[in-house]
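This report refers to the structure that appears directly beneath it.
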Amino acid sequence: MSLITKDGKLYFFEDLYPDLTYGFEVSNVLVPETDTGFQKLMILETNRFGKVLVLDGIVQLTEEDEGIYHEWISHWPLFSLAKPGENVLIIGGGDCGVAREVLRHDSVRALTMVEIDKAVVDLCRRHIPSVMSGVFEDPRFRLEFCDGAEFIRARKKAFDVIIIDSTDPIGPARSLFNTDFYRNVYEALKDGGIAIHQTGALILQPYECPGSWRQMERIFDSVRVVQFTNVSYMGGPFSLTAGSRGKTVFQAKPSQIQNRFKQSGIKTRWYSPDISAVPYPEFQRRLETDKYGEEIIIDIALPKGERPNFEEVKRWSRDTCEAIRMKPFGKPNVSSPVLDDGDTLVQYIETSAISYRRYGDNACLNCFTCDRLPARRVVDFSSKYFRAGAAVCWHIPRGSFSGLKDVQKQSLLYKVSKSSLKNRPGDGTVKTYHPRLTDPSELFSEAFLTPVETGLSSAYELILDVYGCDYSAISSCAGVAHWAGVEFPRVANVTPIGAADAPDFGHAKKKTSGPSVTQLFCGGSNISHYSENWLMIVINIVLTERIPLRKAIESTLAYFKGTSAVGWIIPRGLKCQDMKTIANQTLIFRVGS
Ligand code: AG3
């Protein structure tokens, strides 16, 4: 698909994104697409860029601009070291462009490169020798063909710099983007050492750099985003994410780095210590307060006695997807097609799920997305659709990396009535409230009454964002399904309906942060989303009965080996519309470190 002839000319179009591409004219196909056993390789010749290496339809380098990437990924970490680097490891990098730059450092005594795919090295050596120049003649260079993730496992405190010059986290490089790998990389670094990884285009691959950053942040002593732009990697700002072993490694003054550069005598074409290596410090700061997704929760007062049927609710879910511009995934899941009191309908969408349930005259809706959530549109559309007398809305950030107080501030709660439908929070016409900050000891005490027990509502929702989960617990669909379908119902003493549904469409989804799981209960449900990149599970459990909250929350944290969780308790199926009472019984809390 990537080579196309038009008006007698041959063009290449990149295959990376399903919805956008870039292309150039090809003057000669040096290596037609070949299956190497690991990936599909192609080498092209162009007038504009010189020779071009393409793996799995994605441009890896062009002769014209490879220097930008290779210089930044090599010299940035080497000049960031307090002591000149002697031992360097490259994982991947088969075209040898990184090796070429590393070997320009006289301080380097030994450079090891481990590449999984011998064909990349052989074919680049034959067809694009300009990139590797003399690396094979340099006695310091040692090359091994093996899996980098395996190789690194046995190495402890061995390298000053580890450069991971991989393809994107699809295909053979997938095993280089997870926590186990990063932990092994950290262990393989000497004290004061630096590892650096290519982490994709900041805007077009919005989960890559944050995904690696979040994993590395938990393992390395400090983490930096390094950023540059070139022509070959479509989409403007491109990122490298670097982690150090040692807290002060990245604290060198610009003048120190300039001195190291000057003393090395290396003449670069693109790298310069005068350009800040963190051109978007705001981006890095944002990572610290970023969120996984957001949710709008709506409690709609239906016209008296109205009972939307299955078809109507299905249509609501389909039209909501349209309103928020999200593709539905699969068919809606229902506890019973009658959609009686407490029955749930859930529809997976590209980034998570939307759901409906009803208690008496209240339709209870949840709309969760990891993309931008047009909350107004959802509220407008749903209140009109169900001909709401009034609706109470909770708009909350999910998986937020801000402090608890900020999460509380960002969690809004407001009422829209028919007459105020046009008015919105923020425009001064709708009063907004926030959940009440609670100590878990209040929640866990005998004296605590759920909103059902106080008579405020027919049901309540326990929401938990669990952070710092164990990679193996959070990366297995079967493991998460076992928690949702067996472990949680046992601890909470709820009656599951059917088995847990944990489809693995997570990685195929364009906008997703991870897969989802659903377990329906009598009267409620558990709909959760989890991500191995963010080491997080975000949980929504709707209940009608009191459950042992402490046991349920603590066992959930223990199951995923999470370090902390932010939680909310939200009344659902409201019997009273007084906002002060509702806000007072909407709780926010934190458990764990
Ligand atoms: N390896 C990184 C290629 C990244 C392409 N991805 C993208 N455009 N999102 C390059 C290998 C050069 N030695």
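Give the carbon-plus-sulfur fraction of the accessible surface of the chain in %, rounded to a whole number; probe 1.4 Å, heavy atoms of protein chains only.
Carbon and sulfur together cover 51 percent of it.
Measure nothing but the geometry: give the 0 to 90° angle between the long axis through the Cα atoms of 118-127 and the longest principal axis through the Cα atoms of the chain, rounded to 10°.
That helix lies at roughly 50 degrees to the long axis.
With everything on Cα atoms, drop me the angle between helix 549-560 and the longest principal axis of the chain, reported from 0 to 90° to the nearest 10.
Helix 549-560 sits at roughly 20 degrees to that axis.
Rg and Dmax of segment 2-62 over Cα atoms: what are they, in angstrom?
Every Cα atom of segment 2-62 included, Rg and Dmax give 11.1, 34 Å.
With each label point set 7 Å from Cα along the Cα-Cβ vector, what nm distance links residue 231 and residue 437?
Going from the residue 231 label point to the residue 437 one covers 5.4 nm.
What percent antiparallel are the DSSP beta bridges of segment 2-62, to the nearest 5?
Working: 23 of 23 bridges.
The answer is about 100 percent antiparallel.
Rounded to the nearest 0.05, what FRET efficiency is calculated for residue 6 and residue 137 with R0 set to 51 Å and r the Cβ-Cβ distance? Walk me through the numbers before you get to the answer.
Details: r = 43 Å, r/R0 = 0.84.
About 0.75, to the nearest 0.05.
Per residue, how much accessible area does the chain show when a 1.4 Å probe rolls over the protein heavy atoms, in square angstrom?
Details: 23710 Å² over 593 residues.
I get 40 Å² per residue for the chain.
Past 20 Å, Cα to Cα, is the threshold; run 304/580; 384/415; 314/384; 551/575; 304/384; 51/262 against it and keep the listed order.
Numbers: 304/580 24 Å; 384/415 15 Å; 314/384 16 Å; 551/575 28 Å; 304/384 15 Å; 51/262 32 Å.
From 304/580; 384/415; 314/384; 551/575; 304/384; 51/262, over 20 Å: 304/580; 551/575; 51/262.
Counting only C-alpha contacts under 8 Å and six or more residues apart, can you give the relative contact order of segment 290-592 as a whole percent?
Answer for segment 290-592 is 21 percent.
Given the rule -39500 (n - 2.57) for each run of at least 4 DSSP H residues, summed and divided by the residues of the chain, what is its mean residue ellipticity at 222 nm, to the nearest 500 deg cm²/dmol?
On the way: 18 runs with 151 residues, N = 593.
Value at 222 nm, helices only: -7000 deg cm²/dmol.
Top to bottom by accessible area (1.4 Å), largest first, where do 5, 563, 351, 36 land? Display every interim value, and only then the final one.
Values: 5 100, 563 75, 351 0, 36 30 Å².
Reading off the accessible areas and sorting them downward yields 5, 563, 36, 351.
Tally the DSSP beta bridges in segment 28-173 and give the antiparallel ones as a percent, rounded to 5. Spell out each step's value before the answer.
Numbers: 15 of 30 bridges.
Among the beta bridges of segment 28-173, antiparallel pairing accounts for roughly 50 percent.
Could you tell me what percent of the DSSP beta bridges with both partners in the chain are antiparallel, to the nearest 5? Walk me through the numbers on the way to the answer.
Numbers: 117 of 139 bridges.
Roughly 85 percent of the DSSP beta bridges within the chain come out antiparallel.
Quick one: angle between helix 254-264 and the longest Cα principal axis of the chain, in degrees between 0 and 90, rounded to 10, please.
Result, in degrees: 30.
As a test of reading the structure, rank 48, 550 by solvent-accessible area (1.4 Å probe, protein chains only), most first.
Working: 48 180, 550 125 Å².
Heavy-atom accessible area, descending, gives 48, 550.
The values are calculated or read from the model by the stated rules, or taken from the named source; none is laboratory data. Here the structure is a predicted model, which is why all the values come from computation and not from measurement. Every residue, glycine among them, receives a Cβ derived from its backbone with ideal geometry; neighbour counts consider all protein chains shown. These accessible areas exclude ligands, DNA and RNA; they are computed on the full protein's heavy atoms, side chains included. Shrake-Rupley method; radii C 1.70, N 1.55, O 1.52, S 1.80 Å.
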